[in-house]
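Input: a single structure, listed below in structure tokens.
The values are calculated or read from the model by the stated rules, or taken from the named source; none is laboratory data. No experiment lies behind these values; they were computed from the predicted model shown. FYI the Cβ positions are ideal-geometry reconstructions off the backbone, even for glycines, and counts take in every protein chain you see.
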């Protein structure tokens, strides 16, 4: 009788089943890693845009002038100095800024002193809630700010917002009048 070396059909079927199970397990693991990576990248992009928006607001508030400040529930109007002039144009260094919430987007409108042009910049999308408060030395936190020359400058600004994945963000920024 001739002895032939090789695999039986049953051994081949078992080997194929084992490789199929290993392949399915590997695919499931790979798919899970890709989903986590996509979710992490989306979270990182939202966090980066939130950081960028708050950095713009913080940079503007570092150069705020004392008057005028107008505060409403979802809108803040301030005036800043030290407006960059890289082209060395003949213009004022003062700039009127308005931060406002419009259709779930936080906008920054800027207008140079003596200029009719208003530049609009979208800072943040998907904003569900936005509120501003200013800190007064005598009255504490205020949601409204009186206008007039006899009013002391606020010491701090509180920004509260909800956007995207971030349910509640609270940021307190010191204004130049609060520094020693």
>> Looking only at the stretch 121-138, count every residue that is under 20 Å from the mean Cα position of the chain (by Cα) and in a strand (DSSP E or B) and tell me the total.
In response: 11
> Here are 152, 136: which of them is more than 30 Å from residue 45 (Cα to Cα), touching a strand residue (DSSP E or B) at 6+ places or on another chain (Cβ under 6 Å) and modelled with pLDDT under 90?
Replying inline: 136
> List the pairs whose first member sits in the stretch 35-46 and is within 17 Å of residue 163 (Cβ to Cβ), whose second member is at pLDDT below 90 and surrounded by 10 or more Cβ atoms within 10 Å (Cβ to Cβ), and whose Cβ atoms are under 7 Å apart, counting only residues at least 6 apart or on separate chains?
Replying inline: 43/165; 46/164; 46/165
> How many residues are exposed (fewer than 12 other Cβ atoms within 10 Å of the Cβ) and closer than 19 Å to residue 65 by Cα if we restrict to the stretch 119-143?
Replying inline: 1
> Filtering the stretch 166-180 down to residues that are exposed (fewer than 12 other Cβ atoms within 10 Å of the Cβ) and at pLDDT below 85, which residue is farthest from residue 54 (Cα to Cα)?
Replying inline: 180
